[in-house]
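Here is the structure we will look at.
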Amino acid sequence: MEKKSEDCVKLVGFWSSPYVHRVRWALKLKGVEYEYIEEDIFNRTSLLSELNPVYGKVPVLVHNGKPLPESLIILEYIDEIWDHNPLLPFDPYERSQVRFWAKFSEEKLLLLTGLALCSEGEKQERAVKLSIEALEKIEQILKGKIFFGGDKIGYLDLIIGFISYMLPIWEEVASVKILDPLKFPAIAAWTDNFMNNEVIKSELLPYSKDEMIRYFEWRRKELIPVFASYQL
Ligand SMILES: N[C@@H](CCC(=O)N[C@@H](CS)C(=O)NCC(=O)O)C(=O)O
């Protein structure tokens, strides 16, 4: 395990958060020891408003007493501080491409698939259609590769990782189909490679599928009215 003597690393998270999972994977891939602090975001203490006063969200990484929110920024920080097993490519242009697709994943893929989970009727149909169009673009950049990062898991794999284990749960809860393995063979193969990776597997399985289904059934009911006025 990688631990400089002066390092104290803590991660404040919530069990079902895809944003938290990507940070856990990054720390594990780097072999960084850390203390995990579970914060119930629905029954919160003052911890998050102290550590992340702007957004009040998880994850927050606390490195030697210094708090750092926002999962994408945390991943880049982890990659800079523990620079072995790099997550981002060295070449500046390649790095920019990876960041471009990370932004696409956050602003399109995660948002649209989340809306497909948390909407009904015509709005849900549109969210499904747009999610499939977003996946078509991801399929193109993944063709011929084992991982987005080449032969090793990298930054983009961690960010898009939620489609491997969480999207199937969202599809089941919302009774929709987005990730059809016949339509997206490269993504289907990547999903197998990703989920069969020992690090990814070891950080996913504390949560049973039943727990995830129950949680997202509840979230869907809660969030449908919240997203009702959201224009797609
Ligand atoms: N852009 C943030 C999103 C984090 C986020 O939305 N976290 C959710 C959990 S999945 C949260 O903490 N929600 C609590 C709240 O909104 O009050 C990131 O990448 O870290």
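All of the numbers you see were taken from the coordinates with simple rules; none came from a lab. What you see is a predicted model; the values in this text were computed from it and never measured. No Cβ is skipped: glycine too gets one built from the backbone with ideal geometry, and neighbour counts run over all protein chains shown.
Values as computed for the structure displayed
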| read-out | value |
| --- | --- |
| Net lengthening on full extension, E120/Q231 (0.36 nm per residue, minus Cα-Cα) | 38.6 nm |
| Cross-link table K57/K152; K30/K108; K103/K221; K30/K66; K108/K143, entries beyond 25 Å C-alpha to C-alpha | K57/K152; K30/K108; K103/K221 |
| Förster-model FRET efficiency, 41 Å R0, K28 and S175, C-beta, rounded to 0.05 | 0.75 |
| Within region 9-81, percent of DSSP bridges classed antiparallel, to nearest 5 | 65 |
| Dipole magnitude (debye, nearest 20) for the chain, charges at Cβ of Lys, Arg, Asp, Glu | 360 |
| Helix-derived mean residue ellipticity, 222 nm - over the chain, DSSP H n ≥ 4, -39500 (n - 2.57), to 500 | -16000 deg cm²/dmol |
| Extension reserve of the I141-E50 stretch, reckoned as 0.36 nm per residue once the Cα distance is removed | 28.8 nm |
| Ordering of 134-146, 17-29 by burial proxy (mean other Cβ atoms within 10 Å per residue, highest first) | 17-29, 134-146 |
| Near-label residues of region 23-63 by backbone N, under 16 Å of a point 7 Å along Cα→Cβ of D7 | 23-36, 61-63 |
| Calculated FRET efficiency for the pair A186/D91, C-beta based, R₀ 22 Å, to 0.05 | 0.45 |
| Share antiparallel - DSSP beta bridges, the chain, percent rounded to 5 | 65 |
